[in-house]
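Heads up: the structure comes next, in structure tokens.
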Amino acid sequence: MARCEICKVYTQDGSEFCQRCELSLFQVTDIIKTYVEEDPPPHWLVDAIGELGWIFREYPRTKGYLNTAIEVTWMFILERLDEVGIDDIAEVNHSNLPRDKILTILEEASIITIEGEKVFPGIIVQKLRKVRWEGYQMDTPQIKSKLLELHGILTVALTQSMLNDKEYIPRRALAVFHMLSDNMINSGEKIEPVIPDYVFDKACGEMSERQKNKIRWVMSGFIDGQTKIISDVTERNGMTIKDEMVKYCEKMRERWRERDREREI
Ligand SMILES: [Zn+2]
């Protein structure tokens, strides 16, 4: 009997990962690959990414990664710098995580590349630089949706990097991807738009009720008035996911099955 390298449940056939972790890893990898390679990235992907940018905010264990990612992205995108000295990055010094750990995770996430004492834009930031940031006021709908996209893709890139690194498993991010994975696995021919509470509970794994509630509050818009991933909390003990997320699950499941078929050939 082997245990899943990410969530530690026993895997049936001694494989490295359980099915939901494997599908979760597939999701983050496919999101990044498609986002970087397709020009422009497809709508269904960009819409779904925009729903994920909240995951590392106000979450003490991972705040240092996100804050540093935002700081360097700001310097490369809005200040249009082409390189930054490592010592000019302030956020790495305001986290309880070691400075080198933060920089390694960001480099693995393709947000930055490091050469000696200098930091350059990684492929994710290079892609984000292609967005037209000039000429728009920050509070226009165009820039608002671009900022959601920016937060989302940085979040997915950091998730992928942390999952590969395995030193610290980002539980909140994993819960979200487990929830979506389970919905893809459990749904019949059509993706089920309502995620029952027991699926959410299972996706959250060992989290305390308090931690689970925080995720529910954020997703339902109870914190800042903006729902994320879900559009409603139903009376029948479940959460309705947004149409964008139904579409995302549909596309992602198709791509996952496609990969399995290619493997078999
Ligand atoms: Zn697992």
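The values are calculated or read from the model by the stated rules, or taken from the named source; none is laboratory data. Everything numeric in this text was worked out from a predicted model, so none of it was measured. Cβ: placed from backbone, ideal geometry, glycine included. Neighbour counts: every protein chain shown.
Step by step: first the residues of segment 16-45, then only those that are within 10 Å of the ligand (Cβ to nearest atom) and part of a loop (DSSP other than H, G, I, E, B), then the one that is farthest from the chain's Cα centre (by Cα). Which residue is that?
Filtering segment 16-45 for residues that are within 10 Å of the ligand (Cβ to nearest atom) and part of a loop (DSSP other than H, G, I, E, B), the one farthest from the chain's Cα centre (by Cα) comes out as Glu16.
Would you point out the residue of segment 1-14, among those that are near the ligand (Cβ under 10 Å from one of its atoms) and without any contact (Cβ under 8 Å) to a residue 60 or more places away in the chain, that is surrounded by the fewest Cβ atoms within 10 Å (Cβ to Cβ)?
So the residue we want is Tyr10.
Does Gly53 satisfy the condition of being more than 16 Å from the ligand (Cβ to nearest atom) and in a loop (DSSP other than H, G, I, E, B)?
The answer is yes for Gly53.
Residues that are assigned by TED's automatic domain parsing to the domain that holds Tyr248 and crowded, with 16+ Cβ neighbours inside 10 Å, at least 1 per element: which strands (runs of 3 or more DSSP E) completely within segment 92-210 meet that?
194-196
Among Arg253, Arg263, which is the only one that is more than 20 Å from Ala175 (Cα to Cα) and in the same structural domain as Thr34 (by TED's automatic domain parsing)?
One residue alone meets the criteria, Arg263.
In the list Met239, Met219, which residue meets the criterion of being surrounded by 19 or more Cβ atoms within 10 Å (Cβ to Cβ), within 18 Å of Ile55 (Cα to Cα) and under 18 Å from the mean Cα position of the chain (by Cα)?
Met219
Does segment 39-88 hold any residues that are under 28 Å from Ser231 (Cα atoms), at pLDDT 95 or above and of a type in the set (Asp, Glu), and which are they?
Result: Asp47, Glu51.
Does Trp74 satisfy the condition of being surrounded by fewer than 18 Cβ atoms within 10 Å (Cβ to Cβ), under 22 Å from the mean Cα position of the chain (by Cα) and either within 20 Å of Gln142 (Cα to Cα) or hydroxyl-bearing (Ser, Thr, Tyr) (or both)?
For Trp74, the condition - surrounded by fewer than 18 Cβ atoms within 10 Å (Cβ to Cβ), under 22 Å from the mean Cα position of the chain (by Cα) and either within 20 Å of Gln142 (Cα to Cα) or hydroxyl-bearing (Ser, Thr, Tyr) (or both) - is met.
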